[in-house]
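Provided herewith is a single structure, encoded as structure tokens, for subsequent inquiry.
The values are calculated or read from the model by the stated rules, or taken from the named source; none is laboratory data. Since the structure is predicted, the reported quantities are computational estimates derived from the model, not experimental observations. Positions of Cβ are backbone-derived with ideal geometry, glycine not excepted, and every protein chain shown enters the neighbour counts. What goes into the accessible areas is simple: the full protein's heavy atoms, side chains included, and nothing from ligands, DNA or RNA. Shrake-Rupley method; radii C 1.70, N 1.55, O 1.52, S 1.80 Å.
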Amino acid sequence: MAVKIFIDQGHNPVGHNTGAEGFGIREQDVTYQVGLYLAELLKADGRFQVKMSRNTPDEILGTSNASSLRERVNRANAWPADYFISIHANANLNENVHGSECYVYKAYSDAYYLAEDILEGMVSQVGTKDNGVRINPSLYVLRRTTMPAVLVELAYLTNDEDAKLLLNEQQAFAEGIYQGILSYLNLEAQQIAAP
């Protein structure tokens with residue numbers, strides 16, 4: 001039985017619910033691409049079924065911030081997904097703040113342990129600072145999903161070193177998340193046969 005993963009690439013390309021920006025890099029572009037790479041890794045595995053919130057780079061969800069978030073959650077719940085992974089890039093007024101973190105609804109839950117493994121996978125793959133798993137029950141996509149949900153903050157767009165990673169290591173971020181999912185599910189990495 002395939003594990004159903006819903007990948008939510010945070011934010012819309014333009015209009016409402018757009019993301020942060022730093023060093024000329026837009027959050028919504030990074031999240032779209034990392035989500036696409038993650039979907040490709042999971043689809044190639046065969047043990048997973050995948051759906052994405054944004055299937056093209058210019059797809060816009062909802063007509064407002066609230067309806068954009070609601071549509072992402074509704075799609076995952078209606079499927080229904082086994083796990084929900086929302087991908088974001090962080091920003092801070094202090095340009096020295098850097099690293100990766102994950103947010104979940106509740107401590108010591110399935111989502112919490114999945115988030116720990118995803119974070120470990122990303123940090124070991126990309127070399128970002130491990131800022132830990134944080135609890136935030138107010139986030140809509142964590143509150144309203146009916147399956148374990150993790151909001152992944154890849155790194156900080158507003159930090160010079162992190163911004164370079166977000167621009168140049170998108171495949172590696174996806175690989176780290178994928179490795180974290182495998183680790184959480186106690187699955188061995190599959191050897192994909194060369195063509």
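State which residue is farthest from GLU21 (Cα to Cα) when the search covers only segment 145-167 and only residues that are part of a strand (DSSP E or B) and aliphatic (A, V, I, L, M).
First, the residues of segment 145-167 that are part of a strand (DSSP E or B): 149-156.
Okay, now just the ones that are also aliphatic (A, V, I, L, M), so 149-152, 154-155.
Working: ALA149: 25, VAL150: 22, LEU151: 18, VAL152: 17, LEU154: 14, ALA155: 12 Å.
Among those that are part of a strand (DSSP E or B) and aliphatic (A, V, I, L, M), it is ALA149.
Kindly check whether there is at least one residue in segment 66-75 that is among the basic types (Lys, Arg), under 19 Å from LEU42 (Cα atoms) and out of contact with any Pro (no Cβ under 8 Å at 6 or more places or on another chain). Step through it out loud before you land on a result.
Residues of segment 66-75 that are among the basic types (Lys, Arg), as a first pass: 70, 72, 75.
Within this subset, residues satisfying the condition of being under 19 Å from LEU42 (Cα atoms) are 75.
If we keep only those that are out of contact with any Pro (no Cβ under 8 Å at 6 or more places or on another chain) as well, we get 75.
Yes: segment 66-75 contains one or more residues that are among the basic types (Lys, Arg), under 19 Å from LEU42 (Cα atoms) and out of contact with any Pro (no Cβ under 8 Å at 6 or more places or on another chain).
Can you confirm whether TYR178 is modelled with pLDDT of 95 or more, of a type outside the set (A, V, I, L, M) and under 13 Å from the mean Cα position of the chain (by Cα)? Before you say what the answer is, go through the steps one by one.
Working: modelled with pLDDT of 95 or more: yes; of a type outside the set (A, V, I, L, M): yes; under 13 Å from the mean Cα position of the chain (by Cα): yes.
Answer is yes for this residue.
Those residues that are closer than 30 Å to ASN77 by Cβ and surrounded by fewer than 22 Cβ atoms within 10 Å (Cβ to Cβ), I need them from segment 154-170; list them, please. Show your work before the answer.
Kept after step one, since they are closer than 30 Å to ASN77 by Cβ, are these residues of segment 154-170: 154-155, 157, 166, 170.
Scanning segment 154-170 gives no hits.
For segment 1-50, give me each residue that is under 23 Å from PRO80 (Cβ atoms), open to solvent by 10 Å² or more (accessible area, probe 1.4 Å), in contact with a helix residue (DSSP H, G or I) (Cβ under 6 Å, 6 or more places away or on another chain) and in a helix (DSSP H, G or I).
Scanning segment 1-50 gives a single hit, LEU41.
Table: residues versus (1) surrounded by fewer than 24 Cβ atoms within 10 Å (Cβ to Cβ); (2) at pLDDT below 95; (3) under 15 Å from ALA149 (Cβ atoms); (4) of a type in the set (A, V, I, L, M).
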| site | (1), (2), (3), (4) |
| --- | --- |
| ALA81 | no, no, yes, yes |
| ASN96 | yes, no, no, no |
| GLY99 | yes, no, no, no |
| CYS102 | no, no, yes, no |
| ASP110 | yes, no, yes, no |
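Tell me yes or no: at least one residue of segment 53-70 is in a strand (DSSP E or B) and either of a type in the set (Lys, Arg) or over 22 Å from LEU167 (Cα atoms) (or both). Give the derivation first.
First, the residues of segment 53-70 that are in a strand (DSSP E or B): none.
No, every residue in segment 53-70 fails to be in a strand (DSSP E or B) and either of a type in the set (Lys, Arg) or over 22 Å from LEU167 (Cα atoms) (or both).
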